[in-house]
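Here's the structure we're looking at; comments come further down.
Values quoted throughout were computed directly from the atomic coordinates according to the rules given, and no laboratory measurement underlies them. Here the structure is a predicted model, which is why all the values come from computation and not from measurement. Cβ placement follows ideal geometry from the backbone for every residue including glycine, while neighbour counts extend to all protein chains displayed.
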């Protein structure tokens, strides 16, 4: 039996990550087809379930379905924190799952975030991971944190002089893209920076 060396193991991990990232596509949604669905009742929750089942049926272990994830609430990941809203980007639609107004959504959120054929994509998901696990015993898997991907790409996987790898805010990272890349991905840096906390901006 051949045991992987640390270098071989790192290379294999990098190749797997590259393959997974290759399945993620950012594009600007058309104004006509994009929709926001507030899930605070059984009817709208059913719409989310139908949508996700369609994605699951077309997904596989090699070509996972993509779900963009972000959470909002009070002091997420901290003592006394509380989850309020789970935002799920699925294909060209955004589902705003109100777990306070309609707690019955939690089992569906759990099924989605723990489904092995759905790749969850986040940016700096540390607080979200903590709140979902400690508050609701939801384990996000599989998941790609694009902030960590960007940090690995910019550092080459090597720590800085003090032994640390710095994390870049979303707006700072996106500002390094060309104008064409920003336009194709539907990124509006002005609107992004106006609505974000300074820590996310890298300030």
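When DSSP assigns beta bridges and you keep just the ones with both residues in the stretch 35-146, what percent turn out antiparallel, to the nearest 5? Let's see the in-between values first.
Details: 14 of 26 bridges.
Taking every DSSP beta bridge with both residues in the stretch 35-146, the antiparallel ones total about 55 percent.
If you rank 133, 123 by fewest surrounding Cβ atoms within 10 Å, what's the result?
Working: 133 13, 123 20.
By the 10 Å Cβ count, ascending: 133, 123.
Neighbouring Cβ atoms within 10 Å as the yardstick, rank 51, 71, 39 fewest first.
Numbers: 51 16, 71 22, 39 26.
Neighbour counts put them in this order, fewest first: 51, 71, 39.
Once the convex hull of the alpha carbons of the stretch 35-146 is built, what does its volume come to per residue, in cubic angstrom?
Numbers: hull volume 9.9 nm³, N = 112.
Expressed per residue, the convex hull around the Cα atoms of the stretch 35-146 is 89 Å³.
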